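Undergrad: Structure below; questions to follow.
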Amino acid sequence: MPATTANACPITVLYCCDPLDQRRADAHFAAEARQVRAAGGRVLLLDHDALLAGDAERALAQVPEGAGALWYRGWMVPADRYDALDAALRRRGGRLAVTGQEYRRAHELPGWYETFAGLTPASVWLPTDPGRMPDARRLATLAAALPPGAAVVKDYVKSRKHEWDEACYLPDLGDTEALQRVVGRFVALQEKFLTGGVVLRAFEEFVAPLTPAGTPGAGEVRVWWRDAMPRLITAHPDSPVAEVVTPPALGAVRAAVAALGCPFVTTDLALREDGVWRVVEVGDGQVSDLGAGADPDALVRMLTAGPAPLPAPPASGTTPA
């Protein structure tokens with residue numbers, strides 16, 4: 001058995017640095033970074049602004065040669081910039097623990113939608129460059145592919161839910177004037193940050209689940225998966241309520257996460273008004289927010305846990321556990 005050194009690090013995590021002081025982690029991730037160090041791990045720092053500007057080498061100026069496998073924990077990164085980051089790390093003897101293909105598959109809706117299609121609202125999408133409004137005829141054809149009724153507008157990664165009426169919610173997909181107006185406003189507000197294209201998702205009514213005490217719990221819960229195992233459940237970062245009501249069964253979601261085949265995934269779940277838990281969003285865990293009040297130690301324990309083999313999805317016709 002090979003000997004291990006006393007200073008062996010269980011994990012190395014690459015955090016975004018503070019834009020005003022590049023010697024320390026961004027304040028949003030500082031508690032996590034402290035916990036990584038307390039657990040004996042190593043914290044390295046990335047210049048997120050330089051990465052977004054297309055200079056991966058400058059972004060990694062503080063990362064030493066031979067860094068090995070790295071978890072990234074930081075702000076969202078476009079998939080092409082993530083690929084550039086991994087390539088730059090590999091040139092200096094490092095690599096990201098989540099490959100570029102895995103990141104894109106979990107991070108962008110077209111990558112995960114088919115795997116979760118039975119568990120999430122019906123969706124269609126149209127590739128669109130930032131700032132470019134889709135052709136009206138193509139957009140109407142896209143809307144017609146969904147069941148009649150209401151829908152929400154987003155891109156491959158984000159919505160504008162805080163501008164609900166003007167840039168997110170469509171009361172009637174058949175109203176082509178409203179379709180053009182809401183999508184146009186969404187594209188305009190996203191500006192250069194529009195990712196991939198325009199997505200239309202059938203609208204489903206969700207309700208806040210009740211806690212055992214009879215009070216409303218978090219409207220959405222975030223399940224954190226490491227190697228297709230649910231390791232942590234938190235409130236969604238936007239939830240005004242921190243108390244989580246755990247979905248009673250995660251078997252079908254677990255099977256979908258396993259089929260997706262990505263090592264670090266989050267799924268946001270909400271309770272539909274008919275009592276069915278639905279997957280609202282899937283994400284790469286590296287760029288998923290832990291949220292205020294959540295325990296950073298729990299996330300660090302999840303990253304330091306030994307990898308588990310991806311379980312095979314249940315055979316057709318069987319019910320997941």
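Undergrad: Looking at segment 233-251, which of its residues are open to solvent by 30 Å² or more (accessible area, probe 1.4 Å) and outside any loop (DSSP other than H, G, I, E, B)?
TA: Ile233
Undergrad: Hey, can you tell me all the residues within segment 250-278 that are of a type outside the set (Asp, Glu) and within 22 Å of Ala213 (Cβ to Cβ)? Break it down into steps so the answer makes sense when it comes.
TA: From segment 250-278, those of a type outside the set (Asp, Glu) are 250-267, 269-272, 275-278; that's our starting set.
Leu269, Ala270, Leu271, Gly275, Trp277, listed by residue number.
Undergrad: Would you please name the residue that is nearest to the chain's Cα centre (by Cα), looking only at residues in segment 104-129 that are open to solvent by 70 Å² or more (accessible area, probe 1.4 Å) and either of a type in the set (Asp, Glu) or within 20 Å of Lys192 (Cα to Cα) (or both)?
TA: Arg104
Undergrad: For Trp75, all conditions in the list (1) touching a helix residue (DSSP H, G or I) at 6+ places or on another chain (Cβ under 6 Å); (2) open to solvent by less than 50 Å² (accessible area, probe 1.4 Å); (3) among the aromatic types (Phe, Trp, Tyr) hold save one; what is the number of the exception?
TA: Going through (1) touching a helix residue (DSSP H, G or I) at 6+ places or on another chain (Cβ under 6 Å); (2) open to solvent by less than 50 Å² (accessible area, probe 1.4 Å); (3) among the aromatic types (Phe, Trp, Tyr) one by one, Trp75 breaks only (2).
Undergrad: State which residue is nearest to Ala202 (Cα to Cα) when the search covers only segment 131-144 and only residues that are open to solvent by 70 Å² or more (accessible area, probe 1.4 Å) and part of a loop (DSSP other than H, G, I, E, B). Let's see the steps before the verdict.
TA: Kept after step one, since they are open to solvent by 70 Å² or more (accessible area, probe 1.4 Å), are these residues of segment 131-144: 132, 135, 137-138, 141, 144.
If we keep only those that are part of a loop (DSSP other than H, G, I, E, B) as well, we get 132, 135.
Values: Arg132: 23, Asp135: 21 Å.
Ranking the candidates gives Asp135 first.
Undergrad: Still on this structure, I have one more. Is it true that some residue in segment 4-13 is assigned to a loop (DSSP other than H, G, I, E, B), among the hydroxyl-bearing types (Ser, Thr, Tyr) and within 30 Å of Val124 (Cα to Cα)?
TA: The first filter runs over segment 4-13 and keeps only residues assigned to a loop (DSSP other than H, G, I, E, B), leaving 4-11.
With the extra rule that they be among the hydroxyl-bearing types (Ser, Thr, Tyr), the set shrinks to 4-5.
Filter once more, so that each one left must be within 30 Å of Val124 (Cα to Cα): none.
The answer is no; no qualifying residue exists.
Undergrad: Quick one: in segment 145-161, of everything that is farther than 11 Å from Thr195 by Cβ and of a type in the set (Lys, Arg), which residue is surrounded by the fewest Cβ atoms within 10 Å (Cβ to Cβ)?
TA: Lys161
Undergrad: Which is at pLDDT 85 or above, surrounded by fewer than 18 Cβ atoms within 10 Å (Cβ to Cβ) and either closer than 22 Å to Arg105 by Cα or of a type in the set (Lys, Arg) (or both), of Arg301, Arg254?
TA: Values: Arg254 fails: surrounded by fewer than 18 Cβ atoms within 10 Å (Cβ to Cβ).
Matching residue, one of Arg301, Arg254: Arg301.
Undergrad: Right, something else. Name, by its number, the condition in (1) modelled with pLDDT of 95 or more; (2) within 18 Å of the chain's Cα centre (by Cα) that does not hold for Trp164.
TA: Looking at each condition in turn, Trp164 falls short on (2).
Undergrad: Could you tell me whether segment 83-95 includes any residue that is within 20 Å of Pro296 (Cα to Cα) and either of a type in the set (D, E, K, R) or open to solvent by 20 Å² or more (accessible area, probe 1.4 Å) (or both)?
TA: Narrowing segment 83-95 to residues within 20 Å of Pro296 (Cα to Cα): none.
No - not one qualifying residue is present in segment 83-95.
Undergrad: Oh, and also: Mind listing just one residue for me: the one in segment 257-291 that is assigned to a loop (DSSP other than H, G, I, E, B) and among the hydrophobic types (A, V, I, L, M, F, W, C) and, of those, most open to solvent (accessible area, probe 1.4 Å)?
TA: Here is the first cut: in segment 257-291, the ones assigned to a loop (DSSP other than H, G, I, E, B) are 261-263, 273-276, 288-291.
The next check asks that each one be among the hydrophobic types (A, V, I, L, M, F, W, C); those that pass are 262, 276, 290.
On the way: Cys262: 2, Val276: 60, Leu290: 11 Å².
Among residues in segment 257-291 that are assigned to a loop (DSSP other than H, G, I, E, B) and among the hydrophobic types (A, V, I, L, M, F, W, C), the one most open to solvent (accessible area, probe 1.4 Å) is Val276.
Undergrad: Moving to a separate point now. So, in segment 205-231, exactly how many residues are over 20 Å from the mean Cα position of the chain (by Cα) and either assigned to a loop (DSSP other than H, G, I, E, B) or among the charged types (D, E, K, R) (or both)?
TA: The total comes to 9.
Undergrad: Taking segment 165-213 as the search range and keeping residues that are open to solvent by 80 Å² or more (accessible area, probe 1.4 Å) and basic (Lys, Arg), which one is nearest to Pro247 (Cα to Cα)?
TA: Once the filter is applied, the top-ranked residue is Arg185.
The values are calculated or read from the model by the stated rules, or taken from the named source; none is laboratory data. Predicted model only: the values in this text are computed from it and were never measured. Cβ: placed from backbone, ideal geometry, glycine included. Neighbour counts: every protein chain shown. All accessible areas refer to the heavy atoms of the entire protein, side chains included, with ligands and DNA or RNA removed. Shrake-Rupley method; radii C 1.70, N 1.55, O 1.52, S 1.80 Å.
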